[in-house]
Each structure stands twice: as C-alpha cells, then as structure tokens.
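Colleague: One structure coming up, written as structure tokens, with questions to follow.
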Amino acid sequence: MNDWRILAWFWRVYDDHGGDAVGHEPPPPSLQRSHRRKRSRSFEDDEEGHLIYHNGLVLKARYEIVSTLGEGAFGKVVECIDNPNDDTRVALKIIKNIDRYREAAMSEVEVLEQMNSLDDERTFGCVRMLDWFDYHGHICIVFELLGLSTFDFLKENGFMPFTVDQIRHMAYQIFRAVSFSRSRLAHPYPVPSVSMDCCSRQRVISVLCFQMQKRDERTLKNLDVKVVDFGNATFDHEHHTSVVSTRHYRAPEVILELGWNQSCDVWSLGCILLEYYLGLTLFQTHDSKEHLAMMERVLGPIPVHLLQKTKKRRYVHHDRLDWDENSSSGRYVRKHCKPLKQYMSSRSSDHEQLFDLIHSMMEYDVSRRLTLEEAIWHPFFHPMRKERKK
C-alpha cells in the first residue's frame, strides 16, 4: 500500500493549467468568509475555508490523518488510516466550509451513492465511495485509496507517451466505465478524470492512476483503471450549464455555446487518447478563439452551419472563424499544432486504427461524432473484446 496514492487531478488541473476548470474558480477570500458556516471555536478554518488539521487528527472517531495527498479549489485530499477496519488506508476528501462547495459535494455524494448501487458487484471501473460525513461544516467523502494519476506517471517518466497497447487497454476500461455511468448520468469530464486501479487519475476525467512498481523503475505493474471524479456529474433531468469541462478537453459545441449533451464526453476522451499517445496535451491554450483555431489546424475547418448557429458572433466573420494566421497567436498555432495524421509515429494497422478512432471521436458535428457505445465496438478494440471472450 505504500506506493498507492490518489491525487485529485480535477483539482490539480486548476493549479497546473492556470485555473481554467470551468465552474470551479474559487471566489475571492472576502466572499468565501461571508459564506462560511458558523462553527465550534475548537475547530478552525483558514482564510480559504480549508479545515486546519494536523497529522494524527482523528475524524469521526475513526479516520486518522497520516498525510496530505493534494489540494485545490474544492478542498484537500488526505490519506487516512481507517482504525476500526484493520488499519486500511483510505483517501478522504475534505471539502471547504463554504456553502457553494458543500452543495457541490452533496451532489457528488448523491451521484456516488447511485454509482455504488448500480455497480454493486464492481464490474465496472468506477471508484467506490466508502463513507461520507459532515465534520464541523466540512463535507468529508471517503474513497478507496488508489494510485498515481496518469499525468503524474507521465511526468515522472519524462512525459514519454504510452504505447498503443497500453492506450488500448486503458481506453477500453475507461470507455466501459463512462458508458456505464452515463446510463443514469450526464458526466462532462474535466479531463482525464479517470483513475487507475493501482493505480488511478486522469485527473479523471477526474483522476486516473497507475500502480507502479518501485518509483525509480517508472514502469506499470498493471493497467487497470477507474473513473474516480464525479464532482461535475449531473443527472440527465437536471439543468445543464452552458459551459462545462476543463479547457483543454472542451468540445467545440461547448465553446460555441451550441448546447451540449453526452457527446462532449466523447470529444474529451478523444483528446485524452491523443494525450496518451503524444505524452502531452494537444490544445494548450486558455483562449477560446485560439482553441478553435487549433482545432481547425488539427482537424480542418469548422463546418459553416455550426458557425452560423453560434451565439459567440465575435468568433465569426463571413461564416468563417475570424482568425489572423499571421498574428503572433496565429504563428503560435502553426508552430504547436499540425494536421492530425501527422502526429502518427507509425503507419502500422494499430496506429491507423487508433487515429481513425480519435478522428471519429473528434468530429465537430455531434450528429456525425461517434457515440461511446460505437467507440467500444471500433476495430481498435477487437483484441480487448477477443480477450474478454476467453
């Protein structure tokens, strides 16, 4: 268990990528304090609403904090010993003592309870919520302790990309898990919010992690993954905000405010597969128009009928993206992006099938975009289906 960690990539995206995880930007400290709930004088919060704690603190007369695993806009994640349960290690998410974050946490709890009940036999790779409670104004959610995020594995491995076989193995599990969760939910992942079962991160999307052997070996012991972050999930009947998902994985219909549905997940997953293949994020920008220009550089022109429908008229000129290729931003896009097929490192059938899958998942028009269920049956995954039949 010593090598197992769960890191909330969906939080760290905020730190690593400039705070562009939509809907999660923290309010100014003055506003945070005004929304903080009254509490006992024996327990204190810091100025941002985090619980002030120390290693050795026991919550609910059960969970003993042993280390901090990560923090972000919502709160912190700590590793705990579950004292009554044979000293099992768990990950405990401590939400800030601020109303908006408490409400979001309770929504996440509702989703996690649904997922636990729907996957009672743990057939699909969704993280298990083991417990939750209110600790002096802080919603605390207890999870099984998983491993490194895929981002952290890439980082520790010098951003060397995953092999095609590794991508196939991970992607098949992720697709099945997301497809399963979407049977009841609309789940716009911020990005890799997928978790590897020791491992677990993609920041997973929100957290996908791997179980490593020894740290200095930088190799994967197994490739089992879990979807772990349901903090952004909404039920189909609930209101859908106009903008969702982390910037780098955001679908064009979201940027253009054309409305979104579960198809935006497919786009995001396509971006993630390419990130695994390249070892780096494809659309590295925080500007929406530049983001669209990058898409055009990689995937070709955005269809006219989509540009005609957008509410973002400042992005459009004469039914085309209003973009100056000779500007500094234009030169940046030309330098850092190229047509999709030019990213292929091999012309073997496996690589061809992977890029065909990615292209089909990144169609601009949602009516032409592959569904997740169709993606699972793509020829790229034939070896996985064959293996499952054995």
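Since every read-out is calculated from the coordinates, none of them should be taken as a lab result. Small disclaimer: the values here were computed from a predicted structure and weren't measured. Here the Cβ positions follow ideal geometry from the backbone for every residue, glycine too, while neighbour counts run over all protein chains shown.
Colleague: Please give me the summed charge of the neighbours of residue 57: other residues whose Cβ is under 13 Å from its Cβ, Lys and Arg +1, Asp and Glu -1.
Modeller: 0
Colleague: List the residues, sorted by chain then number, that are 5 or more residues from residue 126 or on another chain and whose placed amide H is less than 5 Å from its amide H.
Modeller: 227
Colleague: Just add up the charged neighbours of residue 293: K/R +1, D/E -1, any other residue whose Cβ is under 12 Å from the Cβ of residue 293.
Modeller: Net of charged neighbours comes to -1.
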